[in-house]
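Take a look at the structure below.
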Amino acid sequence: MEFYDVINKRRTVREFLDKEVGFETVKRILEAGYKTPTWNHNRNWHFIILKTDEEKEAILEYAKKKSSKFDEEKYLNIPRPYPITLGQKMFAHAMPRQYSMLEDAPYVIIPVFRSKDVSGGSFSKLNPFATIWCSIENIFLAATAEGLACSMRIPANEEHDDVKKEAESAGNLHDARFHRDWLCRPQRKGIGANRP
Ligand SMILES: Cc1cc2nc3c(=O)[nH]c(=O)nc-3n(C[C@H](O)[C@H](O)[C@H](O)COP(=O)(O)O)c2cc1C
């Protein structure tokens, strides 16, 4: 697919066809997720991949609880002193799908990265977060180029800690760190030439 076609076709999708996606395709997409600009000259993030219903249920329980509580009709019909906005309608569509989109997708990819507290101070504190966003965007574009679609869920409140705790205790999840041989980057001359 042409690059600008990819840009134009990418969109957030929250309902998926019941079709299998081969893991080779996922590997190509994750490779794209590693070939991003990186703030500290190291690509030291990794991805956890959830595939089965059991894995998703265990790790994403918070999202499940949260989205089941949201009442789309009620939200759409809240009395407002102005006509409902398009943004509010999109919010109403997205909220109840925060778990079903993860449940229905053939794969859930969780990027794992280190970041300091980003509550204030220097802009550069945001660098780890900005880097992982570059990676997410590459993943979205690569998936689009593969003829696939994606959505994303940003953890709310204590959801991050909950997912982290459950993922750590689940142990045998598919962890892309063990597949660094995928990352066959073309050899570069000079510094780092021998790194993967
Ligand atoms: C920073 C950021 C956070 C987002 N968080 C969520 C989220 O938690 N859940 C969700 O369903 N979509 C999320 N989205 C997707 C947006 O809703 C979507 O990108 C937006 O509606 C524009 O639509 P498009 O991606 O189809 O162009 C997020 C997007 C961004 C950039």
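The values are calculated or read from the model by the stated rules, or taken from the named source; none is laboratory data. Just so we're clear, the structure is a prediction, and the values are computed from it rather than from any experiment. Reconstructed Cβ throughout: ideal geometry from the backbone, glycine too, with neighbour counts over all protein chains shown.
For segment 60-79, indicate whether the set of residues that are within 23 Å of residue 9 (Cβ to Cβ), within 16 Å of the ligand (Cβ to nearest atom) and either touching a strand residue (DSSP E or B) at 6+ places or on another chain (Cβ under 9 Å) or modelled with pLDDT of 95 or more (or both) is non-empty.
No, every residue in segment 60-79 fails to be within 23 Å of residue 9 (Cβ to Cβ), within 16 Å of the ligand (Cβ to nearest atom) and either touching a strand residue (DSSP E or B) at 6+ places or on another chain (Cβ under 9 Å) or modelled with pLDDT of 95 or more (or both).
Tell me the helices (runs of 4 or more DSSP H) entirely within segment 62-161 that contain at least 1 residues that are free of Cβ contacts under 8 Å to residues at least 40 places away in the same chain.
Where helices (runs of 4 or more DSSP H) fall fully within segment 62-161 and carry at least 1 residues being free of Cβ contacts under 8 Å to residues at least 40 places away in the same chain, they are 72-76, 86-94, 127-145.
When you go through (1) surrounded by 13 or more Cβ atoms within 10 Å (Cβ to Cβ); (2) out of contact with any strand residue (DSSP E or B) (no Cβ under 8 Å at 6 or more places or on another chain); (3) at pLDDT 90 or above one by one for residue 86, which number turns out not to apply?
Condition (1) is where residue 86 drops out.
Please go through segment 118-160 and pick out each residue that is of a type in the set (Lys, Arg) and more than 30 Å from residue 1 (Cα to Cα).
125
With under 15 Å from residue 136 (Cβ atoms), crowded, with 16+ Cβ neighbours inside 10 Å and more than 16 Å from the ligand (Cβ to nearest atom) as the only criterion, which of 25, 38 stands out?
38
Go through segment 41-66 and count every residue that is under 24 Å from residue 18 (Cβ atoms), crowded, with 18+ Cβ neighbours inside 10 Å and among the basic types (Lys, Arg).
Matching residues across segment 41-66 total 1.
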